[in-house]
Each structure stands twice: as structure tokens, then as C-alpha cells.
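Taken together, the values in this text are just the output of simple stated rules run on the coordinates, not laboratory data. Here the structure is a predicted model, which is why all the values come from computation and not from measurement. Cβ placement follows ideal geometry from the backbone for every residue including glycine, while neighbour counts extend to all protein chains displayed.
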Amino acid sequence: MRQFTRQTLAAFFTLALVSSILQVAEPTGALRLDPQVTLQIVARRMGVEVDPGIPVPTIRFESVTSLKRFQDVTERQWGFRPERFVNAFVADTNEIYLIDDPAYYSAAGRTMDDTLAHELVHYVQARYGRANLSDWAECEAVEIQAWFRSEYLGSLAALLASAPD
Ligand SMILES: [Zn+2]
């Protein structure tokens, strides 16, 4: 009994630790890499050391997020109300909104992971003093997204492409 309790506590502790690393609101859908790993890779590429004292963003997946919530927070940031859900980092609420429909990514030749990398660049820009809301460094985000895709997802993409139908 004592042993069981200890194991249960250990499991709880591990869970708490994992969820404190990156506050993923829901299961990570089709993400292949741990978001914390992606954050570390992106930050290193930007020459930034991840500071445990700086709150990590919450990831909100489209499939489990109301359009109204997305519209309400992005309207404050963008000054207009988007008609549909798009991938976005919202600085005020420290959230990353992420489309989690696999069809969207296969049609665009992208993956959820490199899209998350793109939004994490904006997170680092905002939280680590690299940019402000009126001056998003979009080029940097696009460049790091492409680099991340070829560096970390390239072999995976090649594998998928060479797979028989
Ligand atoms: Zn962007």
C-alpha cells in the first residue's frame, strides 16, 4: 500500500512537472515533437536562453476552442475581428492558437510542428524583448519556421513522401 502510494505520488509529480513545462490546454493532437522541445530549439536558434521564470504560452487547439473566444482575444490585438480561426500568438493572454486539422497542413505542405515553431518565435520576440506588437518580426518567424522544418522534420517529410500509397 505504501509502495503504491509512493508510486501514485511519483506519477502525479511527473504529470505536474510535465504540465508546468508548457501549459498545453488539451492533448497535443497531431504534434510530433514535445512543445517544450520545440521552444528550446527555437529559442536557441534566436540566441535566447529559455528562462523558467517567464511563463510559457498556453496552446489552444482549434478543435477544442470556440471561435468566439479566438475572435475576442485576437480582435483586441489586431483591431479587427477575424472571420475564421487562424494560427496566431496572442501576447496579452500569452496564448498560441493552433489549427489542429491534419488536412489543413497536408494541403499547405506544412506541419503543426513547424507552425508551432513559427508562433513560438513570436512568443520569444514578445516575452524576451525582441519585438513589440506593432513591429512583429515576421521575416524572422518565417525563416526559423523553414529552417526548423528542414532541420527537424525534413527526414520525416522525406520518409512520408517516399512511402507507397
Ligand atoms: Zn508570423
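Each DSSP beta bridge with both residues in the stretch 20-153 is either parallel or antiparallel, and the antiparallel ones are about 40%. For Asp51, the shell of other residues with beta-carbons less than 14 Å away shows a net charge of +2, using +1 for Lys and Arg and -1 for Asp and Glu. Descending by average beta-carbon neighbour count within 10 Å, the peptides 100-108, 88-96 line up as 88-96, 100-108, the highest first.
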